[in-house]
Amino acid sequence: MTMPWSSWLNYAFKHKLCFIGWLMDARLPDGAYYDFKDASNDLKQEDAIQIVSWKEEDMEHEIDDPDLREVPLVKSTSHKCLIAVKDSAKFIDELAESKGL
């Protein structure tokens, strides 16, 4: 799957997915297209990269639940959250819409 990296956050939020296995010292793409299929080649860690569904409890959060903001969309190889739902423009738009803004 190839998509603009900037679209990953919105895609991951919409489909409740998380990219796990980003190397801590690897720079996150800055809007360029990123081929997730070839991610293992780019990051030289074939077995570590996964795109997984959110945990069950994370899927249950309502849009205005503060805990939803912290659900990871990109995690490092050590499972540290690098990018969370709060960084998704789609989340920000849906939150504003839910508040009538």
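The values are calculated or read from the model by the stated rules, or taken from the named source; none is laboratory data. Please read these numbers as outputs of a predicted model, since none were measured by experiment. Note that we place each Cβ from the backbone using ideal geometry, even for glycine, and neighbour counts take in every protein chain shown. Heavy atoms of the whole protein, side chains included, go into the accessibility calculation; ligands, DNA and RNA do not. Shrake-Rupley method; radii C 1.70, N 1.55, O 1.52, S 1.80 Å.
Just a few scattered comments:
- Each residue was assigned an accessible area with a 1.4 Å probe, and for His61 the value is about 40 Å².
- For Val74, the shell of other residues with beta-carbons less than 11 Å away shows a net charge of +1, using +1 for Lys and Arg and -1 for Asp and Glu.
- Neighbours of Phe91 by Cβ distance under 14 Å: Lys/Arg scored +1, Asp/Glu scored -1, total -4.
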